[in-house]
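The values are calculated or read from the model by the stated rules, or taken from the named source; none is laboratory data. Predicted model only: the values in this text are computed from it and were never measured. Cβ sites come from the backbone with ideal geometry, for glycine too, and all protein chains shown count toward neighbours. Heavy atoms of the whole protein, side chains included, go into the accessibility calculation; ligands, DNA and RNA do not. Shrake-Rupley method; radii C 1.70, N 1.55, O 1.52, S 1.80 Å.
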Amino acid sequence: MEDQSLFMLMTERLRFETWKREDKDLLFELHADPRMQKSYAPGPNKWTIQAIELRLTGYMEEQANFGFTKWKLCLSDGTFIGRAGWSPWGKATLEIGYAIKPQFWNNGYASEAASALLAWGQAHHPHDTLVGFALSNNSASRRILEKIGMKFVDYRTIAGVDNAYYELKI
């Protein structure tokens with residue numbers, strides 16, 4: 001029987017789970033795909049196994065410290081498809097983020113995940129603003145942010161790359 005305490009959020013087709021150390025290879029597989037790397041700011045050694053180990057540790061620490069992170073995203077049958085969740089952004093808000101493995105693109109999973117995350121953020125976030133951003137040329141991710149009600153604010157340089165920056169007042 002599966003440990004239900006690992007499930008932070010569930011939808012009809014998706015479940016958001018806490019990360020475990022043994023998930024390192026899943027996270028590496030997600031981000032090592034060159035198609036995925038096009039959605040992120042470029043950088044040398046950004047997606048090495050060592051960098052992924054640090055990122056995984058960060059996710060686990062966020063979960064322990066804040067009660068949220070960019071969770072492991074699975075189909076309801078347990079198939080790993082990516083990550084989705086929240087990260088602290090500044091001192092008083094949360095930043096939504098999602099990354100879906102390319103073989104699962106165009107099935108509505110990112111939109112479903114973002115909608116569920118928005119509901120979670122509205123219910124659990126004590127401040128009045130949630131944020132999201134995507135590389136300026138990532139029209140698919142930008143459409144998802146707009147679909148869940150986030151409003152384009154401006155373009156901002158984040159991690160050295162131009163991003164479309166969105167906000168949602170709650």
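Looking at the range 156-170, which of its residues are without any contact (Cβ under 8 Å) to a residue 40 or more places away in the chain and in contact with a Phe, Trp or Tyr (Cβ under 7 Å, 6 or more places away or on another chain)? Outline the logic, then answer.
Applying the first criterion (without any contact (Cβ under 8 Å) to a residue 40 or more places away in the chain) to the range 156-170 yields 156-157, 162-167.
Those that are without any contact (Cβ under 8 Å) to a residue 40 or more places away in the chain and in contact with a Phe, Trp or Tyr (Cβ under 7 Å, 6 or more places away or on another chain): ARG156, ASP162, ASN163, ALA164, TYR165, TYR166.
Need pairs with beta-carbon distance below 7 Å; first residue without any contact (Cβ under 8 Å) to a residue 60 or more places away in the chain and open to solvent by less than 30 Å² (accessible area, probe 1.4 Å) and within the range 45-74, second of a type in the set (Asp, Glu) and outside any helix (DSSP H, G or I); sequence gap 6+ or separate chains.
Pairs that qualify, where the first residue is without any contact (Cβ under 8 Å) to a residue 60 or more places away in the chain and open to solvent by less than 30 Å² (accessible area, probe 1.4 Å) and the partner is of a type in the set (Asp, Glu) and outside any helix (DSSP H, G or I), are LYS72/GLU17.
Taking the residues in the range 91-110 that are in contact (Cβ under 8 Å) with a residue 60 or more places away in the chain and not in a helix (DSSP H, G or I) as candidates, determine which candidate is farthest from TYR166 (Cα to Cα). Show your work before the answer.
As a first pass, look at the range 91-110 and keep what is in contact (Cβ under 8 Å) with a residue 60 or more places away in the chain: 99, 101-102, 109.
Next cut, not in a helix (DSSP H, G or I) only: 99, 101.
On the way: ALA99: 17, LYS101: 23 Å.
Checking each candidate, the answer is LYS101.
Could you go through the range 121-128 and let me know if any residue there is of a type outside the set (A, V, I, L, M, F, W, C) and over 22 Å from THR18 (Cβ atoms). First the steps, then the outcome.
Taking the range 121-128 as the starting set, the residues that turn out to be of a type outside the set (A, V, I, L, M, F, W, C) are 121-122, 124-128.
Next cut, over 22 Å from THR18 (Cβ atoms) only: 127-128.
Yes: one or more hits.
Looking at (1) outside any strand (DSSP E or B); (2) at pLDDT 95 or above; (3) open to solvent by less than 20 Å² (accessible area, probe 1.4 Å), can you tell me which one SER115 breaks?
Tallying (1) outside any strand (DSSP E or B); (2) at pLDDT 95 or above; (3) open to solvent by less than 20 Å² (accessible area, probe 1.4 Å), SER115 fails exactly one: (3).
Return the pair list, or none, for Cβ contacts closer than 7 Å from residues in the range 111-131 that are within 22 Å of LYS101 (Cβ to Cβ) to residues that are assigned to a helix (DSSP H, G or I) and of a type in the set (D, E, K, R), at least 6 apart or on different chains.
Hits for this filter: SER111/LYS147.
Tell me the residue from GLU12, GLU22 that is modelled with pLDDT of 85 or more, open to solvent by 70 Å² or more (accessible area, probe 1.4 Å) and either closer than 22 Å to ASP162 by Cα or in a helix (DSSP H, G or I) (or both), please.
Details: GLU12 fails: either closer than 22 Å to ASP162 by Cα or in a helix (DSSP H, G or I) (or both).
The unique qualifying residue is GLU22.
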